[in-house]
Amino acid sequence: LAKTTQPISMDSYEGQEVNITCSHNNIATNDYITWYQQFPSQGPRFIIQGYKTKVTNEVASLFIPADRKSSTLSLPRVSLSDTAVYYCLVGDIGTGGFKTIFGAGTRLFVKA
Amino acid sequence: GAGVSQSPSNKVTEKGKDVELRCDPISGHTALYWYRQSLGQGLEFLIYFQGNSAPDKSGLPSDRFSAERTGGSVSTLTIQRTQQEDSAVYLCASSLGSGRGDYEQYFGPGTRLTVT
């Protein structure tokens, strides 16, 4: 299983764009890249998922370079409510099922 | 619609006692996952079910931990002879399947276990 490395914490201010980069050097061919968000005392919540290039949804964008050894979650114009822990993970979608390994995540602090 | 539910929400038990934690996944979700999260830490994978079978039990920390799933729905995580290091939040998640594109995991609120 591919392991991931993320910054432990990041600070930002309201209205700024935040980019969180995750390294996954041994990502496998069948692995997808997924990001989750977790608020205190809650379970993680899915944000975005991608395989290559760029994916965008209503809350975030995910940039994946051609070698797929890293990925960047981009949060446009963050607000105080975006303060949370963000997890990057890669998953094997082979016939054996999808096993999710969550790392320590990145604690994002958004300041006023 | 109903999300993933877990019970109890909080459980305080004495060291050495057995505990059972329950997870009700979203209806129709075939995959179910158990995780453990200690205070301020990331999620630790415990076990994964596809239907009623558990192809991956590699995360169970010891033989005191077991889990089962019946009818492709409800799952129970059992911890025997609890130890203080078992204190954590136990999170359950379910997903529509485990194939490409349908494995977004939906998490329950967790069960906070405290072993005294």
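The values are calculated or read from the model by the stated rules, or taken from the named source; none is laboratory data. Keep in mind the model is a prediction, meaning the values are calculated, not measured. Positions of Cβ are generated from backbone atoms using ideal geometry, with glycine treated the same way; all protein chains shown enter the neighbour counts. Surface accessibility is based on the protein's heavy atoms, side chains included, excluding ligands, DNA and RNA. Shrake-Rupley method; radii C 1.70, N 1.55, O 1.52, S 1.80 Å.
Taking region A:78-111 as the range and being touching an Asp or Glu at 6+ places or on another chain (Cβ under 8 Å), modelled with pLDDT of 95 or more and open to solvent by 30 Å² or more (accessible area, probe 1.4 Å) as the test, the residues that pass are A:S79, A:L80, A:F109, A:K111. The set of residues from region A:29-67 being within 10 Å of chain B (Cβ to nearest Cβ) and of a type in the set (S, T, N, Q) comprises A:N30, A:T34, A:Q38, A:S41, A:Q42, A:Q49. Restricting B:V74, B:V89, B:V12, B:V115 to those that are touching a residue at least 24 places away in the same chain (Cβ under 8 Å), over 25 Å from A:Y86 (Cβ atoms) and touching a Lys or Arg at 6+ places or on another chain (Cβ under 6 Å) reduces the list to B:V115. Scanning region A:28-41 for residues that are polar (S, T, N, Q) and modelled with pLDDT under 90 gives A:T29, A:N30, A:T34, A:S41. Evaluating A:G43 against the criteria (1) in a strand (DSSP E or B); (2) within 24 Å of B:Y35 (Cα to Cα) leaves one unmet condition, (1).
In region B:31-61, the qualifying residues are those that are polar (S, T, N, Q) and more than 9 Å from chain A (Cβ to nearest Cβ), and the one that is least open to solvent (accessible area, probe 1.4 Å) is B:S38. Consider region B:62-87 and keep the residues that are among the basic types (K, R) and surrounded by 14 or more Cβ atoms within 10 Å (Cβ to Cβ). The one that is farthest from B:Q50 (Cα to Cα) is B:R64. Of the residues screened, B:S66 is not one that is within 16 Å of B:Y35 (Cα to Cα), free of Cβ contacts under 8 Å to residues at least 12 places away in the same chain and not acidic (D, E).
Across region A:55-77, the qualifying residues are those that are closer than 12 Å to A:N19 by Cα and open to solvent by 40 Å² or more (accessible area, probe 1.4 Å), and the one among them that is modelled with the highest pLDDT is A:F63.
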